[in-house]
């Protein structure tokens, strides 16, 4: 189950962009405050110096706060209206001072508006791009094929020196039942030492290649006759059991598969738009360099 979820729930830049549309601001409403806050058909929640704050704007803020865990109550709505009123009042004062015309503020307004529009388009695209059950089942079969194989249950003993590993193998040859006690005594693996070297069930691909390759050659109930060297040291491995990988049924992971297919669709959209666009990078962005030079202060003349 964990293996499939980790395969299909890849967090990507695509998914992050689709989520940040939930955080809109009002910075794009600038130069004409009366036009910016024109009431919607849903009605007016408040006015500030004659400029209306629409109920739909209060609804938008309530939804945003609810997504962050704040209950939508009459009290919280009142706080939202007060917050929007103060924000509008301050923005009116900023416009009076011409701050919306300064390069720094103007750039912030443009960037915020651009981000909101970009994410609005992504949401529009996702809403209008069909993801059928047939597409999801095809993705499911692809994931199943990638996961084909077995998982194993094993114990191991990890030591630093090859000679130590050979000595342990010699002792196990005489008494195979001593594996757990030797693991507790000799192993330097902190994750399994206390459990007698028990690793539980795992996918061999989650281990270093040398370990997985050696494990695949072992018969049930057997340990390796020669130490297995890896970047961590030398391993003595006992295979307890193996079984086909457990893959959850389609319905159980359908929602996660839909997210995966949507991410693939948006990635393709990005690639197509970029391929058709004419993008010219004329200057790479450079970090601001402080003009202050470190060193001793100049001595003042007397």
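The values are calculated or read from the model by the stated rules, or taken from the named source; none is laboratory data. Model, not experiment: these values are computed from the prediction. Heads up, the Cβs are rebuilt from the backbone with ideal geometry, glycines too, and the neighbour counts pull from every protein chain shown.
Scanning the stretch 234-249 for residues that are touching a helix residue (DSSP H, G or I) at 6+ places or on another chain (Cβ under 8 Å) and buried (at least 16 other Cβ atoms within 10 Å of the Cβ), which turns out farthest from residue 193 (Cα to Cα)?
As a first pass, look at the stretch 234-249 and keep what is touching a helix residue (DSSP H, G or I) at 6+ places or on another chain (Cβ under 8 Å): 234-239, 245, 247-248.
Subset that is buried (at least 16 other Cβ atoms within 10 Å of the Cβ): 234-239, 247.
On the way: 234: 14, 235: 13, 236: 13, 237: 13, 238: 14, 239: 16, 247: 30 Å.
Per the criteria, the residue is 247.
Could you give me the residue pairs with C-beta distances under 8 Å whose first residue belongs to the stretch 187-214 and is without any contact (Cβ under 8 Å) to a residue 12 or more places away in the chain, whose second residue is surrounded by fewer than 18 Cβ atoms within 10 Å (Cβ to Cβ) and in a strand (DSSP E or B) wherever it lies, and which are 6+ apart or on separate chains?
Hits for this filter: zero, empty list.
Since residue 154 meets every condition but one in (1) within 27 Å of residue 246 (Cβ to Cβ); (2) without any contact (Cβ under 8 Å) to a residue 40 or more places away in the chain, which condition does it not meet?
For residue 154, the failing item is (2).
Check the stretch 32-53 and report whether any residue there is within 30 Å of residue 271 (Cβ to Cβ), buried (at least 16 other Cβ atoms within 10 Å of the Cβ), under 36 Å from the mean Cα position of the chain (by Cα) and modelled with pLDDT under 90.
Filtering the stretch 32-53 for residues within 30 Å of residue 271 (Cβ to Cβ) gives none.
No, the conditions are met nowhere in the stretch 32-53.
Tell me, yes or no, whether the stretch 160-171 has at least one residue that is outside any helix (DSSP H, G or I), at pLDDT 95 or above and either touching a strand residue (DSSP E or B) at 6+ places or on another chain (Cβ under 9 Å) or surrounded by 12 or more Cβ atoms within 10 Å (Cβ to Cβ) (or both). Show your work before the answer.
As a first pass, look at the stretch 160-171 and keep what is outside any helix (DSSP H, G or I): 160-161.
Keeping just the survivors that are at pLDDT 95 or above gives 160-161.
Going one step further and asking which of them are either touching a strand residue (DSSP E or B) at 6+ places or on another chain (Cβ under 9 Å) or surrounded by 12 or more Cβ atoms within 10 Å (Cβ to Cβ) (or both), we end up with 160-161.
The answer is yes; a qualifying residue exists.
All but one of (1) at pLDDT 95 or above; (2) in a strand (DSSP E or B) hold for residue 226, so report the exception by its number.
(2)
Taking the options 149, 191, name whichever one is at pLDDT below 95 and surrounded by fewer than 12 Cβ atoms within 10 Å (Cβ to Cβ). So that I can check it myself, show each step before the final result.
Details: 149 fails: surrounded by fewer than 12 Cβ atoms within 10 Å (Cβ to Cβ).
On inspection, the qualifying residue turns out to be 191.
From the list 262, 258, exactly one residue is in contact with a helix residue (DSSP H, G or I) (Cβ under 7 Å, 6 or more places away or on another chain), assigned to a helix (DSSP H, G or I) and buried (at least 18 other Cβ atoms within 10 Å of the Cβ). Which is it? Give the derivation first.
Details: 258 fails: buried (at least 18 other Cβ atoms within 10 Å of the Cβ).
Criteria check complete, one pass: 262.
Checking residue 98 against (1) at pLDDT 95 or above; (2) farther than 20 Å from residue 51 by Cβ; (3) exposed (fewer than 11 other Cβ atoms within 10 Å of the Cβ): exactly one of these is not met. Which one?
Answer for residue 98: the failing condition is (2).
Here are some conditions: (1) more than 30 Å from residue 250 (Cβ to Cβ); (2) surrounded by 13 or more Cβ atoms within 10 Å (Cβ to Cβ); (3) under 35 Å from the mean Cα position of the chain (by Cα). Residue 114 meets all but one. Which one does it not meet?
Unmet for residue 114, out of (1) more than 30 Å from residue 250 (Cβ to Cβ); (2) surrounded by 13 or more Cβ atoms within 10 Å (Cβ to Cβ); (3) under 35 Å from the mean Cα position of the chain (by Cα): (2).
Tell me, please, whether a residue that is part of a helix (DSSP H, G or I) and surrounded by 14 or more Cβ atoms within 10 Å (Cβ to Cβ) can be found in the stretch 67-77. Break it down stepwise before answering.
Let us first name the residues in the stretch 67-77 that are part of a helix (DSSP H, G or I), namely 67, 74-77.
Checking which are surrounded by 14 or more Cβ atoms within 10 Å (Cβ to Cβ) leaves us with 76-77.
Within the stretch 67-77 (the criterion being part of a helix (DSSP H, G or I) and surrounded by 14 or more Cβ atoms within 10 Å (Cβ to Cβ)), the answer is yes, since at least one residue qualifies.
Filter the stretch 172-201 down to the residues that are assigned to a strand (DSSP E or B) and in contact with a strand residue (DSSP E or B) (Cβ under 6 Å, 6 or more places away or on another chain), then identify the one that is farthest from residue 152 (Cα to Cα).
Taking the stretch 172-201 and keeping what is assigned to a strand (DSSP E or B), we get 198-201.
This time we only want the ones that are in contact with a strand residue (DSSP E or B) (Cβ under 6 Å, 6 or more places away or on another chain), so: 198-199, 201.
Working: 198: 11, 199: 9, 201: 5 Å.
Looking at the filtered set, the residue picked out is 198.
Can you name the condition, by its number, that residue 131 falls short on among (1) touching a residue at least 60 places away in the same chain (Cβ under 8 Å); (2) assigned to a helix (DSSP H, G or I)?
(2)
Taking the condition of being loosely packed, with under 15 Cβ neighbours inside 10 Å and over 23 Å from residue 181 (Cβ atoms), how many residues in the stretch 211-228 meet it? Break it down into steps so the answer makes sense when it comes.
Here is the first cut: in the stretch 211-228, the ones loosely packed, with under 15 Cβ neighbours inside 10 Å are 213, 216-217, 219-222, 225-226.
With over 23 Å from residue 181 (Cβ atoms) added as a condition, the list becomes 213, 216-217.
Total satisfying the criteria: 3.
Within the stretch 246-268, does at least one residue satisfy the condition of being in contact (Cβ under 8 Å) with a residue 24 or more places away in the chain and in contact with a strand residue (DSSP E or B) (Cβ under 7 Å, 6 or more places away or on another chain)?
No, there is no match, as no residue in the stretch 246-268 is in contact (Cβ under 8 Å) with a residue 24 or more places away in the chain and in contact with a strand residue (DSSP E or B) (Cβ under 7 Å, 6 or more places away or on another chain).
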